1. For the range 265-286, does any single residue satisfy the condition of being in contact with a Gly (Cβ under 9 Å, 6 or more places away or on another chain), β-branched (Val, Ile, Thr), within 30 Å of ILE152 (Cα to Cα) and without any contact (Cβ under 8 Å) to a residue 24 or more places away in the chain?
2. Looking only at the range 300-328, count every residue that is more than 35 Å from the chain's Cα centre (by Cα) and part of a strand (DSSP E or B) and tell me the total.
3. If LEU476 satisfies all but one of (1) more than 38 Å from the chain's Cα centre (by Cα); (2) modelled with pLDDT under 80, what's the number of the condition it fails?
4. Hey, can you tell me all the residues within the range 130-161 that are surrounded by fewer than 17 Cβ atoms within 10 Å (Cβ to Cβ) and part of a helix (DSSP H, G or I)?
5. Using the structure shown, decide if ASP72 is modelled with pLDDT of 80 or more, assigned by TED's automatic domain parsing to the domain that holds ASN86 and assigned to a helix (DSSP H, G or I).
6. Just the residues that are more than 26 Å from ARG325 (Cα to Cα) and hydroxyl-bearing (Ser, Thr, Tyr), please, taken from the range 240-298.
7. Here is a check on your reading of the model: is GLU217 touching a strand residue (DSSP E or B) at 6+ places or on another chain (Cβ under 7 Å), more than 15 Å from GLN128 (Cα to Cα), surrounded by 15 or more Cβ atoms within 10 Å (Cβ to Cβ) and of a type in the set (Asp, Glu)?
8. Out of GLY457, GLY480, GLY462, which single residue is in a loop (DSSP other than H, G, I, E, B), small (Gly, Ala, Ser) and under 21 Å from LYS425 (Cα atoms)?
Amino acid sequence: MKSEFSLAFNEILEEKGLPPEVIVDAIKSAMVSAYRRAVNASSAQHIEAEIDLQTGIVKIFAEKEVVDSVQDERTEVSLSQAIKVNPEIQIGDMLIVESTPKNFGRVAAQTARQVIQQRIREAERESQYNHFITMVGEIISGVIQAINVQHITLGLENKAEGIMPRSQQIPREHFRVHDRVRALLLEVKTSPRGPQIILSRAHNDFLRRLLENEVPEIYHGLIEIRSISREPGQRSKVAVTALQPGVDPVGACVGIRGVRIQTIVRELNDEKIDVIEWDSNPSVFIGRALSPARVKGVYLHESNNGPKTATVVVPEDQLSLAIGRDGQNVRLAAKLTTWRIDIKSLPEAASETLYKIQNNPEYKLFALEEKDVIAQVEASLAKKAEGRPVTPEEYQIMSHFIDRIEQEIYQKKSAERIKQEEAIKQARESIPNSAFELPLNSLGISNRAQNLLINYGYKNVGDLMLQLNIDSDKILAINGFGPKAMEEVNSAIDALVLPEKQEETIESEIAREQEQISEDLEKQEKLSEEITESISQVKEEEETSLPEKPETEQLEETIEETSPITTQTEEPTPIDTEEISDLFKLKPEMLDIEELEFDVEDFEHDDLETDKEKPKKKKKKKSKKYLEVEYDPDHDITIYKRKRKHDTNEWDDTW
């Protein structure tokens with residue numbers, strides 16, 4: 001049977017939803033605090049508490065010094081009692097012994113109650129924070145507990161509370177207490193009273209999450225939401241695009257007969273939602289963003305310094321629809337596209353184009369090209385001013401006239417912008433990278449000029465050199481920066497010696513790699529030549545190691561091979577054969593040696609070394625042989641004569 005402590009412990013675990021270790025640590029900490037308060041123990045003394053979860057008995061262990069006679073029971077223990085715990089203990093050592101006071105359970109229950117509640121409350125708040133911090137940006141539901149002017153309080157899971165400020169509520173939306181409401185978990189803050197959970201129904205991500213829940217194609221990644229512009233409770237615009245071919249992004253979001261989008265509209269208190277297909281072309285995208293108005297033309301004016309502006313021309317009957325109530329439609333379209341949109345009616349745009357042709361130098365070249373059309377447009381505008389009706393054909397002429405001129409101007413500006421970007425790129429390449437790492441004070445110019453340049457965005461030497469290469473007049477246009485300061489800057493840059501950069505360019509790396517490849521090829525060729533030479537030497541050694549034929553047989557074979565070869569030549573003049581034989585006879589003086597001497601024993605000894613398997617035989621000493629070489633022009637062969645010296649000291653010629 002479980003004790004009362006065990007039942008109460010399990011009840012706390014179920015009620016608070018905390019792990020058992022947290023509750024046990026809270027009880028131990030409370031017991032230690034109660035002991036310190038009961039005996040007035042020092043905070044420097046080490047004290048531990050142990051609790052039996054089955055019986056609920058608490059024991060306190062305190063660190064004390066071992067002494068002969070105890071003067072203070074709070075910090076000292078006698079040697080006789082210490083030996084019971086540790087037989088090897090000595091006087092002066094520190095020992096942890098049980099120090100549970102009498103009637104400690106009743107005293108601790110009264111003293112530690114508040115500490116236990118505080119620790120459990122802190123653990124509960126930390127658990128709530130860790131739970132909700134992972135759900136930021138998701139939709140959660142709660143029950144309204146209180147409503148006041150500043151915010152609405154909602155009860156959430158894990159006994160947490162969330163607040164929805166007035167700025168995050170949808171206007172003209174009314175709730176009652178105990179209503180269940182869905183909202184976006186916007187933020188979780190820490191505070192002394194626990195985690196502060198901020199909820200929102202007016203944020204753009206709330207509409208994004210509702211679309212993800214209602215449209216499976218968005219949830220599974222087939223359709224992407226590119227941007228959202230919203231005025232809560234009134235109107236929203238959503239730009240979507242398909243990531244997979246064959247998927248209609250607008251139709252998938254609206255659903256059959258608008259079932260999907262109507263569910264979201266009801267959740268947002270009948271807020272109107274326009275679903276628009278996103279396009280990479282800004283002109284097309286801006287025209288779609290102004291729906292339901294029909295657009296005649298969209299003309300972009302991009303500027304490096306100012307905001308991006310788009311001039312939209314619409315028919316007169318669509319002007320109010322394109323602007324919307326209180327400019328709501330054009331305002332939402334501008335937020336959706338991130339462009340500044342200027343809407344004009346067709347007659348207004350035509351009159352403005354005529355004014356530009358007369359006064360703007362960029363438009364004056366069209367005065368001759370569009371002379372006839374200009375006359376027609378002026379006549380149509382005159383009829384409009386007089387209140388006479390203008391035919392659709394005349395409106396069509398005005399529309400084409402505006403479109404032609406604006407498109408040509410846009411193309412020229414685009415070409416100039418591309419040319420300027422190329423010039424900036426070339427100027428940037430001509431400046432070393434090390435210049436962009438040098439501060440302006442390294443130039444040695446005056447502090448006044450340096451401060452002026454820094455205030456106008458020139459933070460290093462590289463930025464200054466880049467602007468000088470592109471347009472030096474822009475630096476002269478700085479207020480307070482005169483010709484003397486400009487001359488000072490130019491002279492400082494001319495005298496500047498940039499440190500060499502250790503980084504190599506791509507071209508030098510490619511050249512070095514090509515040189516390395518050529519060196520490797522040369523090494524391979526040399527290696528192949530050495531291999532072929534070694535192979536030829538091995539072949540020659542193998543041929544020399546073969547058993548030699550008798551000299552007479554070799555000479556006969558050479559004669560037989562050379563005898564059938566004849567050459568067709570002119571009839572030679574008679575020549576003395578003896579002189580020819582003397583000419584082609586090799587003499588020892590020609591070879592710079594006395595005689596060609598071959599030791600047969602040496603050749604045989606080499607053959608024996610190459611063939612290790614043959615047993616070595618004892619050979620007799622042989623006499624030396626001498627060789628004489630002669631050339632026979634009649635047979636076109638070389639004759640080797642071998643001579644042997646006998647015991648009679650006479651030479652014997654042998655073929």
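1. yes
2. Taking the range 300-328 first, the residues more than 35 Å from the chain's Cα centre (by Cα) are 311-328.
Okay, now just the ones that are also part of a strand (DSSP E or B), so 311-314.
Within the range 300-328, residues that are more than 35 Å from the chain's Cα centre (by Cα) and part of a strand (DSSP E or B) number 4.
3. (2)
4. ASN130, HIS131, ILE133, THR134, MET135, GLU157, ASN158, LYS159
5. Here the answer is no, as ASP72 does not meet what is asked.
6. Selection gives THR241, SER280.
7. Yes.
8. GLY457
The values are calculated or read from the model by the stated rules, or taken from the named source; none is laboratory data. Predicted, not measured: the structure shown is a model, and the values here were computed from it. For neighbour counting, all protein chains shown are included, and Cβ atoms are generated from backbone atoms with ideal geometry for every residue, glycine included.
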